[in-house]
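Asker: Let me give you the structure first, and then I'll get to my questions.
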Amino acid sequence: MNAQKNAQRAAVRAHFRRKYQLSENWTDTNHLRSVGGKVFLPHELSKMIHPETKPKDEGFNLLRAFQGLTFSTTTLSGRKHSRTATPIPATSGSQGACRSRNPFFGVTPERALCMTAAGTVADEKLKGRKEAQGVRKRGARAWVQSFEEIPHTGKYGWVNLMKFWRQGYFRQLHKHMEGTFNALGPIYREHVGTQKTVNIILPSDIAELFQSEGRLPQRMTLKPWATHREIRQHSKGIFLKNGEEWRSDRVLLNKEVLMSSAVQRFIPLLDEVARDFCKMLQKKVEREGIGQKGKRSLTVDPSPDLFRFALEAICNVLYGERIGLFSSSPSLESQKFIWAVEQMLATTPPLLYLPHQLLLHIGASLWTQHATAWDNIFSHADARIQKCYRRLSSFQGQGSKAEAAGGQYPGVLGQLMEKGQLSLDLIKANITELMAGGVDTTAVPLQFAFFELGRNPEVQEKVRQQVRTSWALADGDPLVALQGAPLLRGIIKEVLRLYPVGITVNRMPVKDIILQNYRVPAGTTVSVCLYPMGRSSDVFDDPMRFDPGRWSSGKGGQRISGFRSLAFGFGARQCVGRRIAENEMQLLLMHILLNFNISVLSTEDIKTTHTLILQPETPPKITFSKL
């Protein structure tokens, strides 16, 4: 008997959760399962879901309007500023049976106007007015709600900023997002310091956002970066541009880094670096490892070597030459560059929420550290660019620079300079951004990839068998080898699903759009939150399982529809360096799996932290055993 009563109440609560788009409650789900999912409601509960008669529209009544309000202890207001406040939509299926308990008036009568937590009036008269104004979403049952009714974490930006600092959310922003989606549902607003965003998680909403981005997609500008360029009088690369200026530069860069012809040119350079990394690791294992000769193993933190690999690889692609980071004594300048990138990434997030012009004016140490990091990045990149420029200029008058260089690919820089369609300042700006963005964003995912392969040996062996077969058939062609081993791409997608480098992708829609039945005005910053999306059971089957095969078409795996693999963004503003990064990581994994078995000391989940990118709190130690 108690089980049936619990199930009846659970059914009513579940009805209103679905109606008002709230998250599922597992206790109620278990109550329903205990009776086989079939519940017969008594008359008094059934009336709450299906009122017997339409409430008569008696016009506006001031007393009844106040009876619908919930008063807080600090202010008599129809809007409840609560982190968990969720608006209750007025739906065409509802007949106004809004019951809310009020500390002053008790239970609100059914006919009263019901003021919801977000301050909206659910009344038949207002419904008719909305219908006349044509705000009903096509094909939807619920009436479109206003922007202000979107659930939010608090409307006072500076109060929220202090809470962020006090509770350490800057370092755990990805966990904060995951928890907030669990509490508020698939959409919420956030106002922290100077930043205002609408955060979403579901692929259907992401598709709506993509369709609204227009010919010139707008993204949030990283103002600390832009301010540095302005005060140092540097040109801005495409990462910091919007509008026609962005488009004209982007079209030219796409030809050199994204098109298949460009990929075919730079893959041999990436493969060369990946092979040399494996040779360096083999020597290290033989020299420092344990076990029999030829079968030694070595447990190390691979992150320092992976950062050197990433910098060596991106420089080889950009400049068409190696910088020698795998030698026994790599240059101090290159190590300073890696440190500068890490400092830049660490100081960016807090500056996004603060008035950085004020910090610049008062000489705050946070801004000074950030600007100094960028100065070092530009200094290192400029030295590389100048060296490459002198080398390529010496080939003038000898036909094309590529031909004069012995037919070798001169790198992205050489290609851009030879074509002459971008000014030298713009070339420098974009090459510097690619170089700064091409180190941590590949080195860190490779750490996570080694860890997941190490704690999932059956997955590792399955991928290795596919790689061996493909490599044997490729006759030494790295591009053919990658095409024959789709699980390598699956590894990258799985790693970036669980550990996205950038935890958000943002756009500013060029027109008003409807997300989760809320109207979002044009120009609003809408953030797609990748970390919680990748771990959501509403988006992925068994989301915590590391399964590269889920991305393969057919073969009994989960069929993945669109807007679920977004670590490199989407549309015209997807990451300009994605083809470099994807192939760089796949090639290294391919050569590692051909030469080593990977294992880990602990299979416990890695604790992660957020700077501007997601990374391990402590890099995992990996054991490499020679095959």
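The values are calculated or read from the model by the stated rules, or taken from the named source; none is laboratory data. None of the values given here were measured: they were computed from a predicted structure. Here the Cβ is made from the backbone with ideal geometry for all residues, glycine too, and neighbour counts use every protein chain on show. For the accessible areas, the whole protein counts, side chains as well, though only heavy atoms, and no ligand, DNA or RNA atoms are used. Shrake-Rupley method; radii C 1.70, N 1.55, O 1.52, S 1.80 Å.
Asker: Please specify each residue of the stretch 231-289 satisfying the condition of being closer than 30 Å to Pro509 by Cβ and without any contact (Cβ under 8 Å) to a residue 12 or more places away in the chain.
Answerer: Residues satisfying the conditions are Lys241, Glu245, Ser248, Val251, Lys255, Met259.
Asker: I would also like to ask the following. Return the residues of the stretch 600-627 that are surrounded by fewer than 16 Cβ atoms within 10 Å (Cβ to Cβ) and among the hydroxyl-bearing types (Ser, Thr, Tyr); say none if nothing qualifies.
Answerer: Ser602, Thr603, Thr618
Asker: Looking for something open to solvent by 50 Å² or more (accessible area, probe 1.4 Å), over 17 Å from the mean Cα position of the chain (by Cα) and at pLDDT below 95 - is there at least one such residue anywhere in the stretch 557-571?
Answerer: Yes, the stretch 557-571 contains at least one residue that is open to solvent by 50 Å² or more (accessible area, probe 1.4 Å), over 17 Å from the mean Cα position of the chain (by Cα) and at pLDDT below 95.
Asker: Could you please find all residues in the stretch 152-193 being among the aliphatic types (A, V, I, L, M), touching a residue at least 12 places away in the same chain (Cβ under 8 Å), within 23 Å of Leu614 (Cα to Cα) and part of a helix (DSSP H, G or I)? It would help to see each step written out before you state the result.
Answerer: Here is the first cut: in the stretch 152-193, the ones among the aliphatic types (A, V, I, L, M) are 159, 161-162, 173, 177, 183-184, 187, 192.
Pick out the ones that are also touching a residue at least 12 places away in the same chain (Cβ under 8 Å) and you get 161, 173, 177, 183-184, 187, 192.
Now narrow it down to the ones that are within 23 Å of Leu614 (Cα to Cα): 161, 173, 177, 183, 187, 192.
Of everything in the stretch 152-193, those that are among the aliphatic types (A, V, I, L, M), touching a residue at least 12 places away in the same chain (Cβ under 8 Å), within 23 Å of Leu614 (Cα to Cα) and part of a helix (DSSP H, G or I) turn out to be Leu161, Leu173, Met177, Ala183.
Asker: Go through the stretch 347-362 and give me each residue that's without any contact (Cβ under 8 Å) to a residue 12 or more places away in the chain and open to solvent by less than 50 Å² (accessible area, probe 1.4 Å).
Answerer: Leu359
Asker: Is one or more of the residues making up the stretch 139-149 modelled with pLDDT under 95, open to solvent by 50 Å² or more (accessible area, probe 1.4 Å) and in contact with a strand residue (DSSP E or B) (Cβ under 7 Å, 6 or more places away or on another chain)?
Answerer: Looking through the stretch 139-149, at least one residue is modelled with pLDDT under 95, open to solvent by 50 Å² or more (accessible area, probe 1.4 Å) and in contact with a strand residue (DSSP E or B) (Cβ under 7 Å, 6 or more places away or on another chain).
Asker: If you take the residues in the stretch 150-185 that are open to solvent by 10 Å² or more (accessible area, probe 1.4 Å), out of contact with any strand residue (DSSP E or B) (no Cβ under 9 Å at 6 or more places or on another chain) and small (Gly, Ala, Ser), which one is nearest to Leu515 (Cα to Cα)?
Answerer: My answer is Ala183.
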